[in-house]
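As structure tokens, the structure follows; a few thoughts come after it.
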Amino acid sequence: MKILLSIKPEFAQSIFRGQKEYEYRKSIFRRKDVDKAIVYATRPVCRVIGEFSIESVLKSSPFELWEGTSRKSGISKRFFDQYFQGRKIGFALKIKNPVLYKEPVVLSRFSKVAPQSFKYIEEKEKV
């Protein structure tokens, strides 16, 4: 199963340059069969630009997440702390095999609107 993830363009580019190996989330999908993420780069790009496999999903306190992932986080500690402020639990998707598409794809191929966090994508919806 695939999911469509909304990611800020600067973080999406860091994923495809190999600088960001973890994608942080305040909440996570419930299905256990999710193994790929399709990346929708938010404004000003507003396009689906690539995908990656999900090697694992980490769940722990923000402190523990940062301790275990900070070297390959692709973000600053300050941004991380602001993002998880007030949260007792956080999630990190371990990124594997990121693939940047040769040509960005319009969002309407997958969804009518950009997901707030994520959206499940049916397997028949190939890029």
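Note on Arg17 and Lys32: the model spin-label points, each 7 Å out from Cα along the C-beta direction, lie 3.8 nm apart. Geometric descriptor of region 53-127, per residue, is 138 Å³ (volume of the convex hull of the Cα atoms).
Per residue, the chain exposes an accessible area of 60 Å² to a 1.4 Å probe, with every protein chain left in place. Summarising the label geometry, the points placed 7 Å from Cα in the beta-carbon direction at Lys102 and Lys8 lie 3.2 nm from one another.
Here the accessible area of the chain is 49 percent carbon and sulfur, with a 1.4 angstrom probe and all protein chains present. Each listed q (0.13, 0.21 Å⁻¹) maps to a log10 I(q)/I(0) for region 6-63 from the Debye sum over equal C-alpha point scatterers, namely -0.36, -0.91.
Remark: region 1-66 carries a charge dipole of roughly 300 debye about the Cα centre, counting +1 on each Lys and Arg Cβ and -1 on each Asp and Glu Cβ.
For the residue pairs Lys8/Lys32; Lys59/Lys102; Lys2/Lys77, the C-alpha atoms sit more than 31 angstrom apart in Lys59/Lys102. Normalised Debye scattering of the chain at q = 0.13, 0.19, 0.21 Å⁻¹ gives log10 I(q)/I(0) of -0.49, -1.07, -1.30, counting only Cα atoms as equal scatterers and leaving out solvent. Judged by the gyration tensor of its Cα atoms, with axes a ≥ b ≥ c, region 43-84 is oblate; a/c meets the 1.5 cut and b/c is at least as large as a/b. Taken along the Cα-to-beta-carbon direction at a fixed 7 Å, the label points for Tyr120 and Gln85 span 3.4 nm.
The values are calculated or read from the model by the stated rules, or taken from the named source; none is laboratory data. None of the values given here were measured: they were computed from a predicted structure. As a convention, Cβ positions derive from the backbone with ideal geometry for all residues, glycine included, and neighbour counts pool all protein chains shown. The protein model used for the area step is the full one, side chains on, heavy atoms only, and it has no ligands, DNA or RNA in it. Shrake-Rupley method; radii C 1.70, N 1.55, O 1.52, S 1.80 Å.
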